[in-house]
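Just so it is clear, none of the values below were taken in a lab; they were calculated from the coordinates. These numbers were taken from a predicted model, which means no experiment stands behind them. As a convention, Cβ positions derive from the backbone with ideal geometry for all residues, glycine included, and neighbour counts pool all protein chains shown.
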Amino acid sequence: MNVEVDCYRNCLVDLKQRVQLLRYNDPALGPRKLPNFDNLSADKTTIEASDTFAVDTRKHAVTLQCGTGLSVAVGSQLVYIVNS
């Protein structure tokens, strides 16, 4: 049983290092543009581990509190990239 738990923890650490979460620079127009497959992170900003999400249920809005103190609207879509 201990081996399974250690494997699970190691897999989570591996996924955290491999998955990159991005937000659109323009949350209204960004998801409507065709993606640039040569540069998937074009017109997007990486969400850092120190950033936190704030959900306002009354306004139906999600904002991102960046480590720099900046509050940014996220919009309705995010992008993730799995690096192999």
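May I ask for the net charge around ASN25, where only other residues with Cβ less than 9 Å from the Cβ of ASN25 are counted and Lys, Arg are +1 while Asp, Glu are -1?
Details: positive: ARG23, LYS44; negative: ASP26, ASP43.
With Lys, Arg at +1 and Asp, Glu at -1, the neighbours total 0.
Lys and Arg at +1, Asp and Glu at -1: add these up for the other residues within a Cβ distance under 13 Å of ALA73 and post the number. Charge balance in the 13 Å sphere: 0.
Annotation: the residues ARG32, ARG58, sorted from fewest to most other C-beta atoms within 10 Å of their own C-beta, follow the order ARG58, ARG32.
Near THR45, within a Cβ-to-Cβ distance under 14 Å, what is the net charge of the other residues, with Lys and Arg +1 and Asp and Glu -1? Every neighbour counted, the sum reads -2.
The stretch between SER84 and LEU21 holds 21.2 nm of extra length on full extension. This uses 0.36 nm per residue minus the Cα-Cα distance.
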